[in-house]
Amino acid sequence: MADKMKASIRKIATFVEETRSEMGHAVNPPTRRAAAVAVIENPCAGKYVEDLSELMLIGEELGELLTQRAVAALGIPATAVESYGKAAAVGENGELEHAAAILHPKLGAPVRKVLGKGAALIPSSKKRGGLGVALDIPLGHKDAAFVRSHFDGMEVRINDAPRANEIMVAVAVTDSGRPLPRVGGLTKGEIKGEDGLR
Amino acid sequence: MPEVQIRKKFTAVEEIFHEGGPISSRPLRRAAALAVIHNPFAGAYVKEIAGFMDDLKPLGLEMARSLVKALGGDPKVVEGYGKGAIIGSAGELEHGALWHVPGGYAMREILGDAKAIVASTKKVGGPGTRLDVPITHINASYVRSHFDAMEVGLADSPRADEILLALVMTTGPRVHARVGGLKASEIKGEDGLR
């Protein structure tokens, strides 16, 4: 698989987290979230490259692959995903703009195609860092960004990535919001679903 | 003995295609299952703790099964394993030792007749502590190509009165293993060592 793709993938990691209680208070049903992370070669590492379209195409490809992997890890139908997020960490020989090229122009459309929906902005974060850097993937409701119970984040890291000439790319999905949400705001039951915001 | 209270569970799977060398036709997969549980002995010295090992057996089996599932569902693909624990700051290292029997025997039971000792490590640490869980071949500890490790940890665990329990399974040798030693194909399988 890895050699047929535009991206040269060294490894793919998936993470699933299930929270069953907080402060002794049961979380029922448990909240579950998953992230899929690809570690790829950065074709633009070590030099200034003006045209980043190669990275944009890699982003498109990874948007589909990582969303499929994350949904599969969660073991739910893709249409049952409630919130999502994306992030990238560029190794030390790369530029923050390389993360932007992967994440922003083309990655979102295949994510939404896999999920069947997704009117809201996909929240994102990016950074440059060394091996083992922690990536905090922001999470938001996929159909209405203002759903307060679903403002969240998921930390992922891989001890041997990103190497200097690599980029870590992550997509996270959930079947729920935070474990015991109680700070008010728009609830998922109130989503109008017209503008991706409310 | 007290009931096992689980706050969260976590599964990680890595699929490794290469590490700078030729792309493997059979990517190495490593999976880790973590459970964060309440430490019933936190905050005081408790002399009799061994009974908790029995309480942990169902969790060990559940985690071992979840690892096989994460690796595709066939226990025959599993070639390496390991286990570990991180004890929160109000506990003692000995509490981590409670995991040896229920964690190790659960994996052996699920994998059939695994003969080698399950490599392990443990430490006391705060939230975010990372643990390098050692990995060796399931039938012969000396198989050099399968000496490996997987780093695990969770940003919010273990809290002071918690224990983070880990089981790890892998599907093969290091992706570019080439430092000789006993090969998996040479295992005699008599003593769990060679």
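Taking A:Tyr48 and the conditions (1) closer than 30 Å to B:Pro158 by Cβ; (2) surrounded by fewer than 16 Cβ atoms within 10 Å (Cβ to Cβ); (3) more than 14 Å from chain B (Cβ to nearest Cβ); (4) not polar (S, T, N, Q), which numbered condition does it fall short on, given that it satisfies the others?
Condition not satisfied by A:Tyr48: (1).
Tell me whether the stretch B:28-48 contains one or more residues that are assigned to a loop (DSSP other than H, G, I, E, B), touching a helix residue (DSSP H, G or I) at 6+ places or on another chain (Cβ under 7 Å) and within 7 Å of chain A (Cβ to nearest Cβ). Walk me through it before giving the result.
First, the residues of the stretch B:28-48 that are assigned to a loop (DSSP other than H, G, I, E, B): B:39-48.
Still in the list and also touching a helix residue (DSSP H, G or I) at 6+ places or on another chain (Cβ under 7 Å): B:39-41.
If we keep only those that are within 7 Å of chain A (Cβ to nearest Cβ) as well, we get none.
The answer is no, given that none of the residues of the stretch B:28-48 is assigned to a loop (DSSP other than H, G, I, E, B), touching a helix residue (DSSP H, G or I) at 6+ places or on another chain (Cβ under 7 Å) and within 7 Å of chain A (Cβ to nearest Cβ).
Identify, from the list B:Met150, B:Met169, the residue that is under 17 Å from the mean Cα position of the chain (by Cα) and more than 21 Å from B:Lys57 (Cα to Cα).
Values: B:Met169 fails: more than 21 Å from B:Lys57 (Cα to Cα).
Only one candidate passes the filter, namely B:Met150.
Looking for whichever is within 20 Å of B:Thr121 (Cβ to Cβ), under 19 Å from the mean Cα position of the chain (by Cα) and modelled with pLDDT of 95 or more here; the options are B:Leu28, B:Leu56. Which one fits?
On the way: B:Leu28 fails: within 20 Å of B:Thr121 (Cβ to Cβ).
Result: B:Leu56 is the single residue among B:Leu28, B:Leu56 that is within 20 Å of B:Thr121 (Cβ to Cβ), under 19 Å from the mean Cα position of the chain (by Cα) and modelled with pLDDT of 95 or more.
Scan B:Gly84, B:Gly103, B:Gly126, B:Gly189 and give me the residue that is under 30 Å from B:Ala44 (Cα atoms) and in a loop (DSSP other than H, G, I, E, B). Steps first, please.
Working: B:Gly84 fails: in a loop (DSSP other than H, G, I, E, B); B:Gly103 fails: in a loop (DSSP other than H, G, I, E, B); B:Gly189 fails: under 30 Å from B:Ala44 (Cα atoms).
Unique residue meeting the criteria: B:Gly126.
Please determine whether any residue of the stretch B:78-99 is aliphatic (A, V, I, L, M), buried (at least 17 other Cβ atoms within 10 Å of the Cβ), within 20 Å of the chain's Cα centre (by Cα) and farther than 30 Å from B:Arg174 by Cβ. Give the derivation first.
Let us first name the residues in the stretch B:78-99 that are aliphatic (A, V, I, L, M), namely B:78, B:85-87, B:90, B:93, B:97-98.
Those left that are additionally buried (at least 17 other Cβ atoms within 10 Å of the Cβ): B:78, B:85-87, B:90, B:98.
Applying the additional criterion that residues be within 20 Å of the chain's Cα centre (by Cα) yields B:78, B:85-87, B:98.
With farther than 30 Å from B:Arg174 by Cβ added as a condition, the list becomes B:98.
Yes; the residues of the stretch B:78-99 include at least one that is aliphatic (A, V, I, L, M), buried (at least 17 other Cβ atoms within 10 Å of the Cβ), within 20 Å of the chain's Cα centre (by Cα) and farther than 30 Å from B:Arg174 by Cβ.
Just to verify a result, which residue in the stretch A:4-45, among those that are in a loop (DSSP other than H, G, I, E, B) and in contact (Cβ under 8 Å) with a residue 12 or more places away in the chain, is farthest from the other protein chains (Cβ to nearest Cβ)?
Narrowing the stretch A:4-45 to residues in a loop (DSSP other than H, G, I, E, B): A:5-8, A:23-24, A:42-45.
Those left that are additionally in contact (Cβ under 8 Å) with a residue 12 or more places away in the chain: A:5-8, A:42-45.
Values: A:Met5: 10, A:Lys6: 15, A:Ala7: 11, A:Ser8: 9, A:Asn42: 14, A:Pro43: 16, A:Cys44: 19, A:Ala45: 14 Å.
Going through the qualifying residues, I end up with A:Cys44.
Which residue, of A:Val71, A:Val49, is hydrophobic (A, V, I, L, M, F, W, C) and free of Cβ contacts under 8 Å to residues at least 24 places away in the same chain? Explain how you work it out, then say what you get.
Working: A:Val71 fails: free of Cβ contacts under 8 Å to residues at least 24 places away in the same chain.
When all the criteria are applied, what remains is A:Val49.
Scanning the stretch A:118-135 for residues that are within 15 Å of the chain's Cα centre (by Cα) and more than 17 Å from A:Ala100 (Cβ to Cβ), which turns out nearest to the other protein chains (Cβ to nearest Cβ)? First the steps, then the outcome.
Narrowing the stretch A:118-135 to residues within 15 Å of the chain's Cα centre (by Cα): A:118, A:120-127, A:134-135.
Checking the rest, the ones that are also more than 17 Å from A:Ala100 (Cβ to Cβ) come to A:118, A:120, A:134.
Values: A:Gly118: 25, A:Ala120: 25, A:Ala134: 7 Å.
Checking each candidate, the answer is A:Ala134.
(1) more than 12 Å from the chain's Cα centre (by Cα); (2) under 23 Å from B:Glu109 (Cα atoms): which one isn't true of B:Arg174, the others all being true?
Result: B:Arg174 fails condition (2) only.
Of the residues B:Leu164, B:Leu98, which is within 24 Å of B:Arg29 (Cα to Cα) and not small (Gly, Ala, Ser)?
Selected residue: B:Leu164, the only one of B:Leu164, B:Leu98 that is within 24 Å of B:Arg29 (Cα to Cα) and not small (Gly, Ala, Ser).
Residues that are within 24 Å of A:Ser53 (Cα to Cα): find the strands (runs of 3 or more DSSP E) completely inside the stretch A:81-167 holding 3 or more of those.
On the way: elements: A:83-90, A:124-128, A:135-141, A:152-156.
Here the list reads A:83-90, A:124-128.
Looking at the stretch B:110-130, which of its residues are among the β-branched types (Val, Ile, Thr) and more than 30 Å from B:Ser89 (Cβ to Cβ)?
Applying the first criterion (among the β-branched types (Val, Ile, Thr)) to the stretch B:110-130 yields B:110, B:117-118, B:121, B:124, B:129.
The answer is B:Ile110, and nothing else.
Only one of B:Ser25, B:Ser89 is within 12 Å of another protein chain (Cβ to nearest Cβ), of a type outside the set (D, E, K, R) and in a loop (DSSP other than H, G, I, E, B); which?
Details: B:Ser89 fails: within 12 Å of another protein chain (Cβ to nearest Cβ).
Just a single option satisfies the conditions, and that option is B:Ser25.
What are the residue pairs meeting all of these: first residue in the stretch B:100-113, first residue closer than 16 Å to B:Asn139 by Cβ, second residue at pLDDT below 95 and surrounded by fewer than 17 Cβ atoms within 10 Å (Cβ to Cβ), Cβ atoms under 8 Å, and 6 or more apart or on different chains?
Pairs that qualify, where the first residue is closer than 16 Å to B:Asn139 by Cβ and the partner is at pLDDT below 95 and surrounded by fewer than 17 Cβ atoms within 10 Å (Cβ to Cβ), are B:Gly104/B:Ile117.
The values are calculated or read from the model by the stated rules, or taken from the named source; none is laboratory data. None of the values given here were measured: they were computed from a predicted structure. Because the Cβ atoms are built from the backbone with ideal geometry, glycine has one as well, and the counts that use them run over all protein chains shown.
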